[in-house]
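Here is the structure we will look at.
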Amino acid sequence: MEKDVSAFLGRLAHDLRPRSDQWAGLLMEQMRGELPELWQRADLAQRALSETADHVTAVLDALEHSRDVTEAEAPPAALELARGFAEAGVPLSTLLRTYRLGHVGLLQLLQDEVTRFTDDQRLANVATLQLIKTGFAYVDQSSEQVVATYQEVRDRRVQRRLLITNEASRRIGTTLDTVRTAEELAEVGTDGFADLATIDILDSVLQDGEQRPPADAPVLRRVAQRSVLDGCPDSPVATDERHVYAPDSVPAEVLATGQPVLLPVTSSDAPPWLASPGPPRFGYHSVLLLPLYARGTTLGLAQFVRHRTPTPFDDDDLLLAQDIAARAALYIDNARRYTHERTTALTLQRSLLPQRPVEQSAVDTAARYLPSASRAGVGGDWYDVIPLSGGRVALVVGDVVGRGLRAAATMGRLRTAVRAFADIDLMPDELLTHLDDVVIRLQREESREDGETSATCLYAIYDPATRLCSLASAGHVPPAVASSSADAGATGADTAEAQKAGTAPADLPALPIGPPLGLGGLPFETVQWELPEGSLLALYTDGLVQSRTRDLDASLTLLGDTLARASRSSASPDEVCERLLATMLPARPSDDVALLVARTRALDPGHVATLDLPSDPAAVSGARRFAADTLGSWGLDELSFTTELIVSELVTNAIRYGKPPVHLRLILDAALTCEVFDANSTAPHMRRARTFDEGGRGLLLVAQCAERWGTRHGREGKTIWAEQALP
């Protein structure tokens, strides 16, 4: 019976062979009806028809020649179709379903032919069972090979996806620059994935850094676009051009909804937002539109286009592009936030620094502030020039520990505090002690999460009348000094060598550096030295001398040499600043730099008049005559009356309430200053005398006659001063 069945099936297969193409067409129509979405691509449909015909031929051939189908090889067309399905992203379950549909359909056709070829019901039944057995064996064998081929391609796609994802992680976000990050996204997108990539960012994000919900027609800027061709294809939008998508366009919908879109297109029917001007040159066939979405807000739009790659984008490509775009959007948002915060901090920092040179005649000054070019952000470096009484001037440089807005705000508070303490004429060490208390109070007010508040500060006072410079440091690097005279702070062999060469040495004074501000309980110390007229004094923050290519000693030596050469060339303070920055700093400094350069002046001895007074009330009249004679020699007779009144009151108070010695000093500079010194450290205060009081009106008269008056304390006493404007 078995031989009869085999012979019957052989004859049946032989007679049916001419109809294999017809049957393949019938099976394809059946599968089209069951899975219409699978055959939308013409290339896959054509390959599927050829593959089905090969399967029908293989089954008929096995029946005709009684071959063992368990050793049959799947037709090459079947393996090729499996690769196509895998590349197109068709699920494996769908591919296997087509096999089941084709298998059932072929068995149905064969069973119908069996009943037509024989009237022997028993033979027909046995033949049908044999057909089912052979069909299942063939399907198992061929589908196993097809699945292996499919999985191999899918594995390669997964590896490619991982490779692109890893490349995106490595290549996107290397800088905190919004435009550069967008360019990196376009570069990764066209490296084996898309043929054209365009990146649009909302103009509001680029302009002010604010995140806003997209409007009906948001303005975007094309910040990056890249193509696999030499140069980008002709595009309706050029790089760095602002543009708007029509409200009813697909890009506008993606921006509004935040949902990505996979869009098949044709070059002959390309949408306006994608079509090149003029006749079509590129065969666009597939587009991915993805919102750049980060932290709850849409930042822009990324588009990936294929025109040279024949395989269109599929769902897997969409998932891959979403992953890459999400990473890039986060980096773009980080860059945007960093840029916004840096710009805000830098604006605050610059607004808190001196906006214009202050009017004073003690020194010629120039200053520079350079923000850090690193990701660390703007620091809290500052400088200041503060006019003091008696024609003196205070030079200040400081550095707040930390970065960003908090450091800039703290810097502003400390600069204000320094100006307030300078206004009451404190000695440098006393001023730093009070400033240390301010920092400690700031630490107590701020939360621990904000970090400890700390700062360094260098405070110097220069007196052009005596050419003395008094200076104290709170954890700050010492200044550099250069002079046209060999005695500008140099000692020993350095001085001798400078004298032989006839040049000015540059020196870092032996300054005792106190603790940084904020530690509390530790003392600061003031040092003094005399500066020849025309000396250069450079105060700076550590960003000027810290370098990755030089050690600190080499940087300080280079700083001193540069300052000495500038001093010999009589360069202006502004030119000195430029030379120091050009010599000391790289193109992109890693830390903020504050630099203050001052060239000292000295008051003409003829503009300073000093009188030592005995501790005797009778000396008051002599002090008045001395003041009148001095003002006469200066041509200021019209100030004689008020000056005599001021001198009389101040000298009387010093003799009555102070301690000897008592000195009177008149200074003619930008204003006329009258100073009276005595050895008593007790500060006077203004009183309001009653109607019949004989005293209490002295300082009130001084305050009425002078523009400004005040008291400053020294180590051995106090000085009361009063200033009058020159006529």
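The values are calculated or read from the model by the stated rules, or taken from the named source; none is laboratory data. It should be emphasised that the depicted structure is a prediction, and the values quoted were computed from it without experimental measurement. Neighbour counts are summed over all protein chains in view; Cβ atoms, including those assigned to glycine, are modelled from backbone coordinates with ideal geometry. Note: areas computed on protein heavy atoms with side chains; ligands, DNA, RNA excluded. Shrake-Rupley method; radii C 1.70, N 1.55, O 1.52, S 1.80 Å.
Using only the Cα atoms of the range 576-662, what are the Rg and Dmax in Å?
Looking at the range 576-662, its Cα Rg and Dmax stand at 23.3, 68 Å.
Counting pairs of alpha carbon atoms under 8 Å apart in space and at least six apart in sequence, what relative contact order in percent does the range 328-456 give? Before the final figure, lay out each step's value.
Working: 145 pairs, mean separation 28.4, N = 129.
Over the range 328-456, the number comes to 22 percent.
Put M411, M427 in order of accessible area, largest first, 1.4 Å probe: what do you get?
From most exposed to least exposed: M427, M411.
Can you give the local net charge around G189? Use residues other than it whose beta-carbon is closer than 13 angstrom to its beta-carbon, Lys and Arg +1, Asp and Glu -1.
-4
Roughly how many whole Å is it from the C-alpha centroid of the range 71-91 to that of the range 18-33?
18 Å
Sort the following peptides by mean Cβ neighbour count (other Cβ atoms within 10 Å, averaged over residues), highest first: 382-388, 103-109, 440-446.
Numbers: 382-388: 20.4, 103-109: 18.0, 440-446: 13.1.
Top of the packing list down: 382-388, 103-109, 440-446.
Trypsin sites (Lys or Arg not before Pro), restricted to the range 349-420: which are DSSP loop and have at most 14 other Cβ atoms within 10 Å? Could you put the intermediate results ahead of the total?
Numbers: sites: R350, R368, R375, R392, R403, R406, R413, R415, R419; in loops: R375, R392, R403.
Taking the range 349-420 and a limit of 14 other Cβ atoms within 10 Å, the loop trypsin sites (Lys or Arg not before Pro) found are R375.
What accessible area per residue, rounded to a whole number of Å², is obtained for the chain using a probe radius of 1.4 Å? Don't skip to the end; give the middle numbers.
Numbers: 34120 Å² over 727 residues.
Heavy-atom accessible area per residue stands at 47 Å².
Assuming 1.002 mPa s and 20 °C, estimate D for the range 119-220 with Stokes-Einstein, Rh taken as the Kirkwood radius over Cα pairs, in µm²/s. Before the final figure, lay out each step's value.
Numbers: Rh = 19.2 Å.
Estimated diffusion coefficient is 111 µm²/s.
In the neighborhood of P387, defined by Cβ-to-Cβ distances under 14 Å, what is the net charge if each Lys or Arg adds +1 and each Asp or Glu adds -1? Spell out each step's value before the answer.
Working: positive: R356, R392, R419, R601, R708, R712; negative: E359, D364, D384, D423, D425, D463, D669, E707, E723.
Computed value for this residue: -3.
Roughly how tilted is helix 492-501, in degrees to the nearest 10 and between 0 and 90, from the longest Cα axis of the chain?
Approximately 90 degrees, to the nearest ten.
Per-residue HN-Hα couplings for the range 423-432, Karplus 6.51 cos²θ - 1.76 cosθ + 1.60 at θ = phi - 60°, whole Hz, x for Gly and Pro?
5, 9, 6, 7, 5, x, 5, 5, 4, 5
So what's the angle, to the nearest 10 degrees on a 0 to 90 scale, between helix 573-584 and the longest Cα principal axis of the chain?
Roughly 40 degrees, rounded to the nearest 10.
Could you tell me the distance between the Cα centroids of the range 533-551 and the range 604-619, to the nearest Å?
Here the two parts' Cα centres lie 42 Å apart.
Could you please report the charge total around L330, scoring K, R as +1 and D, E as -1 over all other residues with beta-carbon less than 14 angstrom from its beta-carbon? Don't jump to the answer; show the numbers that get you there.
On the way: positive: R295, R327, R336, R337; negative: E184, D323, D333.
My count for the surroundings of L330 gives +1.
Along its principal axes, what span do the Cα atoms of the chain show, with the longest given first and each in whole Å?
Here the spans come out as 157, 64, 53 Å, largest first.
For the ranges 292-305, 352-365, 561-574, what's the packing order if you count other beta-carbon atoms within 10 Å of each residue, average per peptide, and put the highest first? Please list the in-between numbers first.
Numbers: 292-305: 22.7, 352-365: 15.5, 561-574: 18.1.
Top to bottom by mean Cβ count within 10 Å: 292-305, 561-574, 352-365.
The range 62-125: D in µm²/s via Stokes-Einstein (Kirkwood Rh, Cα pairs, 25 °C, 0.890 mPa s)? Intermediate results must be reported in sequence, preceding the final value.
Working: Rh = 14.4 Å.
Translational D for this selection: 170 µm²/s.
Return a whole-number percent for the relative contact order of the chain, with Cα pairs under 8 Å and 6 or more residues apart as the contact set.
Values: 1342 pairs, mean separation 59.5, N = 727.
Dividing the mean separation by the residue count of the chain yields 8 percent.
Against the longest alpha carbon principal axis of the chain, how many degrees, from 0 to 90 and to the nearest 10, is the axis of helix 121-171 turned?
So the inclination is approximately 20 degrees.
How much of the accessible area of the chain, in percent, comes from carbon and sulfur atoms when a 1.4 Å probe is used?
Details: 17310 of 34120 Å².
Ligands and nucleic acids excluded, carbon and sulfur give 51 percent.
Going highest first, how would you order 237-246, 331-340, 123-132 by mean Cβ packing within 10 Å?
Details: 237-246: 14.4, 331-340: 19.9, 123-132: 16.8.
Sorting 237-246, 331-340, 123-132 by mean packing, highest first, produces 331-340, 123-132, 237-246.
Just want the answer: with Cβ charges of +1 for Lys and Arg and -1 for Asp and Glu, which residue in A328, H476, S93 is farthest toward the dipole's positive end in the chain?
So the residue furthest toward the plus end is H476.
Using only helices, what value at 222 nm comes out for the chain when you add -39,500 (n - 2.57) per DSSP H run of length 4 or more and divide by the total residues, to the nearest 500 deg cm²/dmol? Before the final figure, lay out the partial values.
Details: 18 runs with 324 residues, N = 727.
Value at 222 nm, helices only: -15000 deg cm²/dmol.
Quick one: putting +1 on the C-beta of Lys and Arg, -1 on the C-beta of Asp and Glu, what dipole do you get for the chain around its Cα centre, in Debye to the nearest 20? Please report the intermediate quantities before stating the final value.
Working: 71 positive and 100 negative charges, 207 e Å.
Dipole about the Cα centre, nearest 20: 1000 debye.
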